[in-house]
Amino acid sequence: MGAVNVANKDINVSLAEKKPRVVFVLGGPGSGKGTQCANIVEHFHYTHLSAGDLLRAEIKSGSENGTMIQNMIKEGKIVPSEVTIKLLEKAMLESGNDKFLIDGFPRNEENRAAFEAVTKIEPEFVLFFNCPEEEMEKRLLSRNQGREDDNIETIRKRFKVFLDSSLPVIEYYKVKGKVREIEAAKPIGEVFEAVKVVFTPKAEKVVA
Ligand SMILES: Nc1ncnc2c1ncn2[C@@H]1O[C@H](COP(=O)(O)OP(=O)(O)OP(=O)(O)O)[C@@H](O)[C@H]1O
Ligand SMILES: Nc1ccn([C@@H]2O[C@H](COP(=O)(O)O)[C@@H](O)[C@H]2O)c(=O)n1
Ligand SMILES: [Mg+2]
């Protein structure tokens, strides 16, 4: 345990030293976070880190936390922050980049406060994909990526967790003036046009 703590401390010191730029990408399940992050990476050269993808990779790796994570994901529940933050820190350090899209995190107040306390990183802004539930449900049920949580029973649980636990985090950042809200119930290209405006520096924006 001691060695683990020492290793974590080293990671935290170097992340704090690096002061990476972080954008949190939030929105309900199926709102298009991953899809739009892929576009942002291509155009703006961020590194995309999906908390859900990191957790799924952890299950596949045979880690000691794998079974716990798998059970939480099947139930649409939020994995303890300690686990997710360690995965994010490791991925950030290994990437070599200094700007990150952190997708699907922070998912609740515990995620938010723990990340800030451990990394001392404040997001530049929060990109929020706002999408009606019926559109998200339709997308998730036809995603066909073999995800164990893309079934109607788990989807409903995920929607409830989003409303109860994730929306308050978005509200927290709204009060701080950090939320950039995108209407996500449009075709992928149209959504990305709105995203581009958020990422384009003010000086480069063409005045009509
Ligand atoms: N604007 C859009 N219009 C129609 N379909 C979309 C749109 N954006 C994404 N999709 C499709 O919806 C599904 C969910 O998208 P995506 O995986 O990007 O969502 P997500 O927000 O990352 O979901 P999750 O939180 O479950 O990881 C995918 O099959 C994707 O191709
Ligand atoms: N901060 C997070 C993010 C995700 N999870 C768990 O993973 C599931 C899938 O997440 P996606 O972003 O890929 O949809 C999610 O429902 C949670 O069970 C988490 O615990 N903490
Ligand atoms: Mg996703």
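The values are calculated or read from the model by the stated rules, or taken from the named source; none is laboratory data. What you are looking at is a predicted structure, and each value in this text was computed from that prediction instead of being measured. Virtual Cβ from ideal backbone geometry, glycine too; neighbours counted across all protein chains shown. Just so you know, the surface numbers come from the protein's heavy atoms only, side chains and all, with ligands and any DNA or RNA stripped out. Shrake-Rupley method; radii C 1.70, N 1.55, O 1.52, S 1.80 Å.
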Of all residues being in contact with a helix residue (DSSP H, G or I) (Cβ under 8 Å, 6 or more places away or on another chain) and within 16 Å of ligand 3 (Cβ to nearest atom) in the stretch 166-203, which is nearest to residue 132 (Cα to Cα)? Just the residue, please. 184
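For every residue, the table says whether it meets (1) within 12 Å of ligand 2 (Cβ to nearest atom); (2) touching an Asp or Glu at 6+ places or on another chain (Cβ under 7 Å); (3) acidic (Asp, Glu).
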residue: 21; (1), (2), (3): no, yes, no
residue: 62; (1), (2), (3): no, no, no
residue: 69; (1), (2), (3): yes, yes, no
residue: 75; (1), (2), (3): yes, no, yes
residue: 79; (1), (2), (3): yes, no, no
residue: 85; (1), (2), (3): yes, no, no
I'm trying to understand the selection: among the residues of the stretch 78-98, which are within 22 Å of residue 117 (Cβ to Cβ) and not in a helix (DSSP H, G or I)? 78, 79, 80, 98
Those residues that are more than 19 Å from residue 36 (Cβ to Cβ) and either charged (D, E, K, R) or within 16 Å of ligand 2 (Cβ to nearest atom) (or both), I need them from the stretch 168-204; list them, please. 168, 171, 172, 174, 176, 202, 204
The listed residue being within 12 Å of ligand 1 (Cβ to nearest atom), open to solvent by 40 Å² or more (accessible area, probe 1.4 Å) and of a type outside the set (Asp, Glu), out of 180, 107, 158: 107
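Does the stretch 147-155 contain at least one residue that is within 16 Å of residue 25 (Cα to Cα) and either in a helix (DSSP H, G or I) or in contact (Cβ under 8 Å) with a residue 60 or more places away in the chain (or both)?
Among the residues of the stretch 147-155, not one is within 16 Å of residue 25 (Cα to Cα) and either in a helix (DSSP H, G or I) or in contact (Cβ under 8 Å) with a residue 60 or more places away in the chain (or both), which makes the answer no.
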What do you reckon, is residue 107 in contact with a Gly (Cβ under 7 Å, 6 or more places away or on another chain) and in contact (Cβ under 8 Å) with a residue 60 or more places away in the chain? no
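For (1) part of a loop (DSSP other than H, G, I, E, B); (2) in contact with a Phe, Trp or Tyr (Cβ under 9 Å, 6 or more places away or on another chain); (3) modelled with pLDDT under 95, each residue gets a yes or a no:
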residue	(1), (2), (3)
4	no, no, yes
48	no, yes, no
56	no, no, no
73	no, no, no
102	no, yes, no
If we keep just the residues of the stretch 120-138 that are within 14 Å of ligand 2 (Cβ to nearest atom) and either assigned to a helix (DSSP H, G or I) or at positive phi (or both), which is nearest to the chain's Cα centre (by Cα)? 136
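Per-residue answers, yes or no, for (1) part of a helix (DSSP H, G or I); (2) at pLDDT 90 or above; (3) in contact with a Cys (Cβ under 6 Å, 6 or more places away or on another chain); (4) open to solvent by less than 80 Å² (accessible area, probe 1.4 Å):
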{"residue": "13", "(1), (2), (3), (4)": "yes, no, no, yes"}
{"residue": "17", "(1), (2), (3), (4)": "yes, no, no, no"}
{"residue": "29", "(1), (2), (3), (4)": "no, yes, no, yes"}
{"residue": "36", "(1), (2), (3), (4)": "yes, yes, no, yes"}
Looking only at the stretch 183-208, filter to residues that are assigned to a helix (DSSP H, G or I) and touching a Gly at 6+ places or on another chain (Cβ under 8 Å); which one of those is surrounded by the fewest Cβ atoms within 10 Å (Cβ to Cβ)? 188
